[in-house]
1. Place +1 on the Cβ of every Lys and Arg and -1 on the Cβ of every Asp and Glu in segment 102-280, take the dipole about the Cα centre, and give the residue among 221, 241, 114 whose Cα lies farthest towards its positive end.
2. Nothing charged except the Cβ atoms of Lys and Arg (+1) and of Asp and Glu (-1): what's the magnitude of the dipole of the chain about its Cα centre? Round to the nearest 20 debye.
3. So what's the chain giving for Cα Rg divided by 2.2 N^0.38 Å, two decimals?
4. Measure out, as a whole number of angstrom, how far apart the alpha-carbon centroids of segment 239-266 and segment 27-48 sit.
5. Say the dipole of the chain comes from +1 at the beta carbon of Lys and Arg and -1 at that of Asp and Glu; which of 146, 287, 36 then lies farthest toward its positive end?
6. Over every pair of different alpha-carbon atoms in segment 59-186, take the mean of 1/r and invert it; report that Kirkwood radius in Å.
7. Excluding residue 78 itself, calculate the net charge of residues whose Cβ lies under 15 Å from the Cβ of residue 78, where each Lys or Arg counts +1 and each Asp or Glu counts -1.
8. Scan segment 1-95 for GluC sites (Glu not before Pro) in coil per DSSP, keeping those whose Cβ has at most 15 other Cβ atoms within 10 Å, and list them by number.
Amino acid sequence: MTDIDVLVLRSGTHGLPASDYVAELRERLPNHTIELARTPREERELAGEARVISSVQLPDELLENAEQLELFAGVAAGYDHLPLDRLAEAGVAVTNASGIHAPNIAEQVMAYVLDYTRNLRIGRERQARSHWEHFQTGELKGSTVTIVGLGAIGTAIAERVSAFDVETIGVRYSPEKGGPTDEVIGFEEEALQRAYARTDYLIIASPLTEATRGLIDADAFETLPPSAYLVNIGRGPIVDTDALVDALRSSEIGGAGLDVTDPEPLPRDHPLWNFEDVTITPHNAGHSPKHWSRLADIVAENVEHLDRGDDYDEFRNVVRRPE
């Protein structure tokens, strides 16, 4: 038996303190020992007693000491920064926070889209000058929205944008599975180019993989209509940044809403800061006051699976099984 059922490391996320996460876990697992390591020393001392560790990352020195570890519960959707092979070799399963960000990220996507469509930037500029004058706007109804990635976030985006009476195209690795969009295509170049040519709003909601790295390149921008709007809440390198800057400078697209960039953080002297129709947020779409409560639901359920010795097929959000 181990002394600690779940050890939460000291790093919070999105400005949310880890202590709030511990409180949520204790509420759901009243008969379990949930501890918060508040200092590097406590992390080193307690890691060896924990059956589950939950945090943004797991440093090598902690993994070496985590002899009782059965599960690492990541607190973010991304997991490419984790030592997955080492964890699997050590007999540790890995889960992530996939799905918990879907409602708030989808809402932020709609904020980008509606702000651009209704030209609210001009309204804010005139308000700042106390200047009352009508201005031209667009309308979302009847447009075509292409969503790259139909996981939990892409699905949430599709559900919300569909309420505006638009045509939707979804892009996924297995289009034969269908999806929540009017049309679903794969990553074949010809199919993508046909979709780009019809797209008014291109929303990137996929992880970074070999197939998606640099997916939105100069050819994509050349095919998109000149009024098209790009939203990236996936990963920065999915969009070729130089090609995006060139497309904006030459008016090949109308604008962009970027929560992720390449490089990230975006340097202060980067040209993307200077475009009027580009909205940049600092990888902030994942923030939600409900982050910890949603994650605690997943982790508490998985701890109960551990208690029962269930197969990992029963666990939620498994991204790597132990070897």
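What follows is calculated from the coordinates using simple rules that are stated; it is not laboratory data. Values in this document were obtained by computation on a predicted structure and should not be read as measured data. Glycine also receives a Cβ, built like all others from the backbone with ideal geometry; neighbour counts cover every protein chain displayed.
1. In segment 102-280, that residue is 114.
2. The dipole of the chain has a size of about 1120 debye.
3. Compared with the compact-globule rule of thumb, the chain sits at 1.11.
4. With segment 239-266 and segment 27-48 each reduced to a Cα centre, they are spaced 42 Å.
5. Positive-most Cα among the choices belongs to 287.
6. It works out to 18.1 Å.
7. -1
8. 67
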